[in-house]
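To start, the structure itself, in structure tokens.
Where a number appears in this text, it was derived from the coordinates with a stated rule and is not lab data. Not measured: the values here are computed from a predicted model. Here the Cβ positions follow ideal geometry from the backbone for every residue, glycine too, while neighbour counts run over all protein chains shown.
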Amino acid sequence: MKVLISGAGIAGPALAYWLSQYGFRPTLVEAAPRLRTGGYIVDFWGSGYVIADRMSLLPVIHSQGYRLQDVRVVNDCGETVSGFPADAFSRVTDGHYISVARGDLAALIYSKIDGKVETLFGDTISALDQNASCIHVSFERSPARDFDLVI
């Protein structure tokens with residue numbers, strides 16, 4: 001089954017990884033000309049942590065991640081008005097908590113599919129036309145083609 005996934009941030013490549021593990025043929029389309037870098041630090045725990053473990057990503061996430069010391073609430077002058085130790089998060093998640101840069105996480109997930117899943121960088125979907133057998137997808141730059149599912 002051919003699946004088109006719009007977006008090569010974090011969710012798109014993760015979905016492409018799992019679909020390819022189960023015999024699907026995913027293709028990613030991403031408006032940016034390459035993987036996006038930068039972005040905020042994200043707190044990584046819960047289901048995402050479990051999925052990263054199943055993808056064998058945790059050792060690298062832990063080597064690139066950040067262990068926060070404190071969470072602070074500041075006013076508009078930058079003065080701390082409240083806060084608490086960040087290890088509270090680690091305690092409630094049984095140690096399954098780390099902060100990681102969004103761009104680092106996206107690149108790490110993408111590295112699991114790079115060269116295995118087609119990615120159309122610098123392109124977007126311009127039209128979808130569904131019929132009984134497929135979805136005909138037109139792109140801004142790439143030639144149109146048919147998919148069984150578009151996400």
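Numerical summary
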{"quantity": "Condition met for R72 (of a type in the set (D, E, K, R), touching a residue at least 40 places away in the same chain (Cβ under 8 Å) and either more than 15 Å from H96 (Cα to Cα) or assigned to a helix (DSSP H, G or I) (or both))", "calculated": "no"}
{"quantity": "Residue match in segment 129-148 (condition: in contact with a Lys or Arg (Cβ under 9 Å, 6 or more places away or on another chain), surrounded by 14 or more Cβ atoms within 10 Å (Cβ to Cβ) and part of a loop (DSSP other than H, G, I, E, B))", "calculated": "yes"}
{"quantity": "Some residue of segment 98-119 being touching an Asp or Glu at 6+ places or on another chain (Cβ under 7 Å), part of a loop (DSSP other than H, G, I, E, B) and farther than 30 Å from D70 by Cβ", "calculated": "no"}
{"quantity": "Test: F84 is over 21 Å from the mean Cα position of the chain (by Cα), in a helix (DSSP H, G or I) and free of Cβ contacts under 8 Å to residues at least 60 places away in the same chain", "calculated": "no"}
{"quantity": "Counted residues, segment 25-35 - those being surrounded by fewer than 16 Cβ atoms within 10 Å (Cβ to Cβ) and either in contact (Cβ under 8 Å) with a residue 40 or more places away in the chain or assigned to a loop (DSSP other than H, G, I, E, B) (or both)", "calculated": "4"}
